[in-house]
1. Where does the chain land at 222 nm, in deg cm²/dmol rounded to the nearest 500, when only DSSP H runs of n ≥ 4 count, each adding -39500 (n - 2.57), divided by all residues?
2. Counting only heavy atoms of protein chains, what accessible area per residue, in Å², does the chain have with a probe of 1.4 Å?
3. Viscosity 1.306 mPa s, temperature 10 °C: give me the Stokes-Einstein translational D for region 81-175 in µm²/s, with Rh taken as the Kirkwood radius over C-alpha pairs.
4. Given charges of +1 on the Cβ of Lys and Arg and -1 on the Cβ of Asp and Glu, with all other atoms neutral, how large is the dipole of the chain about its Cα centre, in debye to the nearest 20?
5. Pick out, in residue order, every one of the trypsin sites (Lys or Arg not before Pro) in region 78-140 that is DSSP loop and has at most 14 other C-beta atoms within 10 Å; say none if there are none.
6. Count the net charge of all other residues whose Cβ sits under 9 Å from the Cβ of Arg119, scoring Lys and Arg as +1 and Asp and Glu as -1.
7. Expressed as a whole percentage, what fraction of the accessible surface of region 72-167 belongs to carbon and sulfur atoms when a 1.4 Å probe is rolled over the protein heavy atoms?
8. I'd like the chymotrypsin sites (Phe, Trp or Tyr not before Pro) in region 21-106 restricted to DSSP loop residues with at most 13 other Cβ atoms within 10 Å, sorted by number.
Amino acid sequence: AQLSTLGFSRLGKEWILLEIGATLRDGVPNYTLKREHLQLQTPDGKMIPLPTQSDYLNADLRMQEQRAQANVDSINYFPPRARDACRLAFFAPPGSRAMSYDQVELSPSRGCVGRIYFRIPGGLKYGQHFLVVQFAKSVVKAPFRIVTPDEAKILAKDWKDIRKELEKVFKSGGK
């Protein structure tokens, strides 16, 4: 299995939006990914199940969805064999013609992308989180970290240093 995530939320808010992409590696039989196969592990070890479509609709997450629309990062980088697109449709926005489904069929030839949401009682906190996905013979834990302002400063500095080094390498032709 291959899984990618990109998150949108604010510290203290009870809902987090994750944009995810999923496919299966070559040689793996098709798999029906169901709503109950997805959970969020919080820094304190709690496992939060994927909510229902009804819970999502009652939460009124339009502002969060609008912020996510401004994102320019793509999670659509699948292996070459995953040439067919599909929608992870666990949630459908209010007022849209789209339908929500409690499952999606994954295969090595399909790259499936969609938004999922989790309600975090007490709100989103700093620390290491994991999107936990149960597959037929394995569990994939995709990590993501909510960083403190001090951690963000260190990461920004480190990223600038890495970028400078990469630019040197590319300018020198890889030498």
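1. -7000 deg cm²/dmol
2. Using a 1.4 Å probe on heavy atoms only, each residue of the chain averages 61 Å².
3. Value of D from the Cα-based Kirkwood radius: 89 µm²/s.
4. 460 debye
5. Here the trypsin sites (Lys or Arg not before Pro) that fit, given the DSSP loop and packing criteria, are Arg83, Arg97, Lys125, Lys137.
6. Working: positive: none; negative: Glu14, Asp55.
Once positives and negatives cancel, what remains is -2.
7. That fraction is 57 percent.
8. Details: sites: Tyr31, Tyr56, Tyr77, Phe90, Phe91, Tyr101; in loops: Tyr77, Phe90, Phe91, Tyr101.
Of the chymotrypsin sites (Phe, Trp or Tyr not before Pro), the ones in loops of region 21-106 whose Cβ has at most 13 other Cβ atoms within 10 Å are Tyr77.
The values are calculated or read from the model by the stated rules, or taken from the named source; none is laboratory data. All figures in this text were calculated on a predicted structure; none of them were measured in a lab. Reconstructed Cβ throughout: ideal geometry from the backbone, glycine too, with neighbour counts over all protein chains shown. Heads up: the accessible areas ignore ligands, DNA and RNA and are worked out on the full protein's heavy atoms, side chains in. Shrake-Rupley method; radii C 1.70, N 1.55, O 1.52, S 1.80 Å.
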